[in-house]
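Below you'll find the structure, written out as structure tokens, and then a few comments.
The values are calculated or read from the model by the stated rules, or taken from the named source; none is laboratory data. Quantities reported herein were computed from a predicted structural model and do not represent experimental measurements. Glycine also receives a Cβ, built like all others from the backbone with ideal geometry; neighbour counts cover every protein chain displayed.
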Amino acid sequence: MVVLRGGGADHDRTAAVRKAAGEFFARQRLRNIARVHNRLGDTDRAEVGVVHLVQCECNWLQALEGDIDTSHFGFLHTGSVQPDDVPPDSLMRWTVVNRAPEYHMNDTSYGTMYCAYRPAEPGQTYWRFANFLFPFWTQTPQGPFDRVNTRAWVPMDDTHTMFVSLSWRGSPTSMRPLKNGQMVPGSRLGFDYLPNTTDWYGRWRLTQNPSNDWMIDRVAQRTESYTGIPSIHGQDQGVTESMGPITDHAFENLGPSDIMIARTRRRLLRAARAFAKDGTVPPGVDEPGIYTAVRSGDFVTDAKIAWRDAYEMQMRAAVRPLAQAAE
Ligand SMILES: [Fe+2]
């Protein structure tokens, strides 16, 4: 059974809701992935050229929540970077000038959407938009709208998750060099795997894992990077797995960066209750076409533009081959 970590109220954690959540994911995870795959034409499958899988040793929602808290980018991944280290035309500059953004968010037809925002140059706003899409997909805010970077956090059981990353072949890289020509220390992309075994948990395991503290280098942590963990995904996985297989959220003191996570938990609980009541299937499971109208990314606009208007402007300008082929 898959555990949904609830929003605080005792009734959110009843056996009935947990049972419904478990049934929901057991029945619908493969159904959703199969329909997403079938929705893609042959050309589009070729374009979805980069697929990565990684097994995570924690609850699926705990792992997913890192993708819907964008403020962590400014310290976990770039905490050692100072504003003067960043070229003036790099958007990363704003994430290190101000590491505590403010937020907007909404429920949407496919799940939840949010953006982090902070001032850029005078009269401008720097936006970072991202999404949660039922049943377990995310789109992260790092990079332009002219790419699709979609990630699934598929429950294997209560304490193991399979991460699946899909991105377009040739998508622009989201990280640029610093002024000194070097990449941010510890920002290596990609994955190093242990050899596969025939065990149920024997595939897509990283060499960076809890048994070796995700290969943390304490000298690097003191001198050049915030974590000392030598890859972006290793840093993400280190903070989510080190909370334990299933974190007890009851002791947390929530801050502004948790607001999208709280809203998404409530949206998931409502979907689990509806499924328990009458079998209502959440959006996206049977109609993955709704995903094609959703994007994420970061950009700067005039500060007078409202957040949803800024998103729609980016969507109109973005490359969207499925929608454009249908027109
Ligand atoms: Fe991250």
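Return the residues of the range 208-231 that are more than 12 Å from the ligand (Cβ to nearest atom) and surrounded by 15 or more Cβ atoms within 10 Å (Cβ to Cβ); say none if nothing qualifies.
Q208, N209, W214, M215, I216, D217, A220, Q221, S225, G228, P230
Rundown of residues vs (1) in contact with a Gly (Cβ under 9 Å, 6 or more places away or on another chain); (2) crowded, with 19+ Cβ neighbours inside 10 Å; (3) touching a residue at least 60 places away in the same chain (Cβ under 8 Å), yes/no style:
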| residue | (1), (2), (3) |
| --- | --- |
| H233 | yes, yes, yes |
| N253 | no, no, no |
| P256 | no, no, yes |
| A274 | no, no, no |
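Only one of these conditions is not met by I246: (1) within 14 Å of the ligand (Cβ to nearest atom); (2) closer than 14 Å to Q62 by Cβ; (3) hydrophobic (A, V, I, L, M, F, W, C). Which number is it?
It is condition (1) that I246 fails.
Scan the range 96-117 for residues that are in contact with a strand residue (DSSP E or B) (Cβ under 7 Å, 6 or more places away or on another chain) and under 17 Å from G79 (Cα atoms) and jot them down.
Those that are in contact with a strand residue (DSSP E or B) (Cβ under 7 Å, 6 or more places away or on another chain) and under 17 Å from G79 (Cα atoms): N98, P101.
Within the range 194-212, track down each residue that is part of a helix (DSSP H, G or I) and under 22 Å from the mean Cα position of the chain (by Cα).
Of everything in the range 194-212, just one residue is part of a helix (DSSP H, G or I) and under 22 Å from the mean Cα position of the chain (by Cα), namely P210.
Can we say R169 is under 30 Å from T108 (Cβ atoms) and either surrounded by fewer than 16 Cβ atoms within 10 Å (Cβ to Cβ) or more than 20 Å from the chain's Cα centre (by Cα) (or both)?
Considered against the rule, which asks whether it is under 30 Å from T108 (Cβ atoms) and either surrounded by fewer than 16 Cβ atoms within 10 Å (Cβ to Cβ) or more than 20 Å from the chain's Cα centre (by Cα) (or both), R169 comes out as yes.
May I ask you to say which residue of G238, G279 is modelled with pLDDT of 90 or more and either surrounded by fewer than 14 Cβ atoms within 10 Å (Cβ to Cβ) or at positive phi (or both)?
So the residue among G238, G279 that is modelled with pLDDT of 90 or more and either surrounded by fewer than 14 Cβ atoms within 10 Å (Cβ to Cβ) or at positive phi (or both) is G279.
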